[in-house]
1. Would you mind checking which residues have amide H under 5 Å from H127's amide H? H placed 1.01 Å from N; only 5 or more apart, or other chain.
2. Pull out the extension gain between Q105 and D133, defined as 0.36 nm times the separation in residues minus the alpha carbon to alpha carbon distance; nm, one decimal.
3. Per residue, how much accessible area does region 75-138 show when a 1.4 Å probe rolls over the protein heavy atoms, in square angstrom?
4. In whole Hz, with x marking every Gly and Pro, tabulate ³J(HN,Hα) for region 88-105 from phi via Karplus 6.51 cos²θ - 1.76 cosθ + 1.60, θ = phi - 60°.
5. Note down the Stokes-Einstein diffusion coefficient of region 85-126 in µm²/s, whole number, using a Kirkwood radius over alpha carbon pairs, 37 °C, and 0.692 mPa s.
6. Near the amide H of A31, under 5 Å away, which other amide H atoms are found, from residues 5 or more places off or on another chain, if H is placed in the peptide plane?
7. What would the Debye formula give as log10 I(q)/I(0) at q = 0.15, 0.23, 0.24 Å⁻¹ for the alpha-carbon point model of region 61-105, no solvent?
8. Please list, in chain and number order, the residues 5+ apart from A50 or on another chain whose amide H is under 5 Å from its amide H, with Hs placed from the backbone.
Amino acid sequence: MMVAGVVKKMTAESAARAALGAGAIVMETLAANDRRLAAREDRAHPPAPADMILLAGGTDGGTRKHVVAMADLLRAAQPRPRLGHAFALPVIYAGNLEVRPDIVQMLEGRVALQLVDNVRPVLEREHLGPARDCDSTSCSSST
């Protein structure tokens, strides 16, 4: 699994904890404040293939710009699952609730998108359960 968030030491780590709590092997963690993304923006270094992606970021009502930028990177990379290339890659969005319409517009139809509650709705508290309990076929959410 690959996880992504806005701030590496905040939402990206929360996403990684949710994935690890579900028993996933986290192959890569990306963040908007990660210097490696600058090299990837030329698309010469796409993210490592994954079976699933957990995209998080932004507290509820917080940043939009960086969450949308992470989703745009994902869309531009056109990720495919490591195995079963005929299937859409499962992507779980567990970020800023106010950005959901943008995420749906950008990714729906390109990936198997699932929406769940934010892994970090406020800076001081993680909410890992919905993302941790989600799999490629079903999620519990407040959508």
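The values are calculated or read from the model by the stated rules, or taken from the named source; none is laboratory data. Bear in mind the structure is a predicted one, so any value in this text is a computation, not a measurement. The protein model used for the area step is the full one, side chains on, heavy atoms only, and it has no ligands, DNA or RNA in it. Shrake-Rupley method; radii C 1.70, N 1.55, O 1.52, S 1.80 Å.
1. R120
2. 7.6 nm
3. It amounts to 53 Å² per residue over region 75-138.
4. 7, 5, x, 10, 9, 9, 10, x, 3, 4, 6, 8, 3, x, 5, 5, 4, 4
5. It comes out at roughly 293 µm²/s.
6. G5
7. -0.43, -0.83, -0.88
8. R82
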